[in-house]
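The values are calculated or read from the model by the stated rules, or taken from the named source; none is laboratory data. Being a predicted model, the structure only gives us computed values, none of them experimental. Cβ sites come from the backbone with ideal geometry, for glycine too, and all protein chains shown count toward neighbours. Ligands, DNA and RNA are excluded from the accessible area calculation, which covers all protein heavy atoms including side chains. Shrake-Rupley method; radii C 1.70, N 1.55, O 1.52, S 1.80 Å.
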Amino acid sequence: MCGIFGYIGDNKNPLHACLDGLAQLEYRGYDSTGIAGIQDGHLIVCKKEGKLANLQNILTLKTLEVAIGHTRWATHGKVNDLNAHPHLDTMHSLAIVHNGIIENYDALKAQLKNEGAAFVTETDSEVIAHLIAKHYEGDLLKAVQTALPFLHGSYAIALIHKDHPDQIIAAAHHCPLAIGTNDAQTESIISSDPNALVGGFLKILFLRNAEIARIEKGNVQVFDSHGNLIVKTQERLECAAKAPSKDGFEHFLLKEIFEQPITIRKAMLGRFSSETAKVEFDDLKITAEEARNYKQVWFLGCGTSSLAGSIGAMYLEETAKIPAFSEIASEARYRTELIGPETLIIAISQSGETADTLTAMRAFKAKGCRTIAICNVKNSTLTREADYSIDLQAGPEISVCSSKAFTSQIAILALFALHLANLRNTTSAEALDLARAMPFIANQIQTVLEKAPQLEKIAKKYAHFDDFFFMGRRYMFTTCLEAALKLKEISYVNANGYAGGELKHGPIALISPTFPVICFCANKKTEEKIISNLMEVKARGAPIVAFAPDSMTQIHSIADDLFTLPTTIDPLAPFASAVAGQLFAYYIAKERGCDIDRPRHLAKSVTVE
Ligand code: F6R
């Protein structure tokens, strides 16, 4: 959420380096973009509401000696040019960019205003500029060191000052910030996401816990919050230029949906042997004794990742016979009181930067729990802070709406359930069934993808409706929630997901001929019950779209529109069904003319709570 980038060095024009960096970070927010730099002793700022292209359209600057940039996901203050970062102090001497939330900004603003600071924006971030300016007496680093303890909340900031064109000051507290330098010591780059650093081989360090860095050309010094110089370990990272491509697809989302047969295979590659049904995760060092000592497993995540956790919990209970719970990370963090080391924590996140998930994981870690991150971004904060991490190996997910990450997450969770079952010596029938069926998932997804035109046709028929009711039971309940989330997110239509059994407890009052019911039926164990639910819906005149396995013959006479799915065991039915749900949402969004890869108000990485 919000992306920060900065460049100082000889290898590139800092202005262009920054614009390139912001293009890579735009997934973190695209409400507005801005750049600040120094040229001939002058501080220059250019900022614009909307995506980076809007800024580039108005940019007349040619070059800068040093530059910082920002791409915004609005929290405090309207989406407009004025509230775009960078923000300045009253004298326009310094400029800051900020990612995070300053929780006490109101009190600070009132105090700084009293002292004469001239505020021009509605943002919380502007207080940082004024606060640092207040403490500036010629030494920029010192001013930041003095100012930071007054800030409550989370931040990653980068700052430049017109009298110090040879440095950028950066600081981070609960928000990611990577700093890279090249071997020749001719350039330094800062970025909210190390994957946006482009420059061959770089030595990278990450700022954390209110650390402050003075960044010069090819040189970085880091200080703790008391001003002591600290030695940070640097990692060597290959930062190759890699512009993401749609590979001929109309949108990244469609490309990523179609990648799933491959990403599923990648998730299993080198980890699962269909011959022996054994699972190995390279970086996971849980012993059999440790596995037996766990009394329960908790899954933490947000949005789609949280729904993957719900499926993971079912896998663990059925396969490894251990109680498992999935809780939305922003709620779970308040439920640690009764938890201790007997609980294993699995934090799931595509980006590895979701603040809610990080905060929850830290809270459980503080209670002595072991933590495993399941993540798609190597080197993300989550993977660095968890005890162990399992990489999704799904490749970058560019579309804000998650697709391939979800199916890879649940593939890994199925493997993890088998692994834990093995370690705990619980060879259940369910584990054997799961191991036998796993190798067929990719082909089942392929079957759905080949029938995409059929889904497009159904979606077009229903695209004019503004309200949808999604329904399913057991594995299909979670799947219907995920499908409803996709539809809301990219089509901006109201889509409620309910467990079929809940229909009669209230939501049935909504059912009417103008309220299509989208039913996910591929859960064999609950087939008869979901049919009864559909009959209740049909009796009240709602149009029915069913996503059902080809073995479910009864559905033909019930559904108005039917999309058939390959038959598989219940635990693995979410794969093909979720892909069908993704395509359904995609085609509705396309029909409604929505901005599919960058839906309004959203960002790919949500780094505020
Ligand atoms: C939905 C979606 C979001 C994310 C959620 C968590 O399509 O993308 O609901 O799943 O914001 O993000 P990560 O997985 O990066 O923690």
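Can you tell me which residues in region 15-25 are open to solvent by less than 50 Å² (accessible area, probe 1.4 Å), under 27 Å from SER351 (Cβ atoms) and over 22 Å from the mean Cα position of the chain (by Cα)? Before you say what the answer is, go through the steps one by one.
Pass one, region 15-25, residues open to solvent by less than 50 Å² (accessible area, probe 1.4 Å): 15, 17-19, 21-22, 25.
Of the ones still in play, those that are also under 27 Å from SER351 (Cβ atoms) are 17-19, 21-22, 25.
Those that are open to solvent by less than 50 Å² (accessible area, probe 1.4 Å), under 27 Å from SER351 (Cβ atoms) and over 22 Å from the mean Cα position of the chain (by Cα): ALA17, CYS18, LEU19.
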> Out of (1) at pLDDT below 95; (2) in a strand (DSSP E or B), what's the single condition that is false for HIS98?
Replying inline: (1)
> Counting only residues that are more than 16 Å from the ligand (Cβ to nearest atom) and part of a loop (DSSP other than H, G, I, E, B), which one in region 566-609 is nearest to ALA417 (Cα to Cα)?
Replying inline: ILE569
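Can you find a residue in region 424-438 that is within 16 Å of the ligand (Cβ to nearest atom) and more than 24 Å from GLY309 (Cβ to Cβ)?
In the first step, residues of region 424-438 are kept if they are within 16 Å of the ligand (Cβ to nearest atom); the result is none.
So far as region 424-438 goes, no, none of its residues is within 16 Å of the ligand (Cβ to nearest atom) and more than 24 Å from GLY309 (Cβ to Cβ).
Mind listing just one residue for me: the one in region 357-373 that is of a type in the set (Val, Ile, Thr) and without any contact (Cβ under 8 Å) to a residue 60 or more places away in the chain and, of those, farthest from the ligand (Cβ to nearest atom)? Can you show your working first?
So in region 357-373, the residues of a type in the set (Val, Ile, Thr) come out as 357, 359, 371-372.
When the remaining residues are screened for being without any contact (Cβ under 8 Å) to a residue 60 or more places away in the chain, the result is 357, 371.
Values: THR357: 5, THR371: 15 Å.
Step by step, filter region 357-373, then rank; the result is THR371.
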> Only one residue in GLU337, GLU289, GLU331, GLU317 is in contact with a strand residue (DSSP E or B) (Cβ under 9 Å, 6 or more places away or on another chain), among the acidic types (Asp, Glu) and either within 16 Å of the ligand (Cβ to nearest atom) or open to solvent by 20 Å² or more (accessible area, probe 1.4 Å) (or both). Which one?
Replying inline: GLU317
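Of LEU487, LEU503, which residue is part of a helix (DSSP H, G or I), hydrophobic (A, V, I, L, M, F, W, C) and in contact with a Phe, Trp or Tyr (Cβ under 8 Å, 6 or more places away or on another chain)? Don't jump to the end; show me each part of the working.
On the way: LEU503 fails: in contact with a Phe, Trp or Tyr (Cβ under 8 Å, 6 or more places away or on another chain).
After applying the criteria, what remains is LEU487.
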> Quick one: what pairs do we get from region 188-202, first residue free of Cβ contacts under 8 Å to residues at least 60 places away in the same chain, second open to solvent by less than 20 Å² (accessible area, probe 1.4 Å) and of a type in the set (S, T, N, Q), C-beta under 9 Å, 6+ apart or different chains?
Replying inline: GLY200/ASN182; PHE201/ASN182; LEU202/THR181; LEU202/ASN182
>> THR478 - would you say it is within 16 Å of the ligand (Cβ to nearest atom) and either open to solvent by 10 Å² or more (accessible area, probe 1.4 Å) or not assigned by TED's automatic domain parsing to the domain that holds CYS375 (or both)?
In response: yes
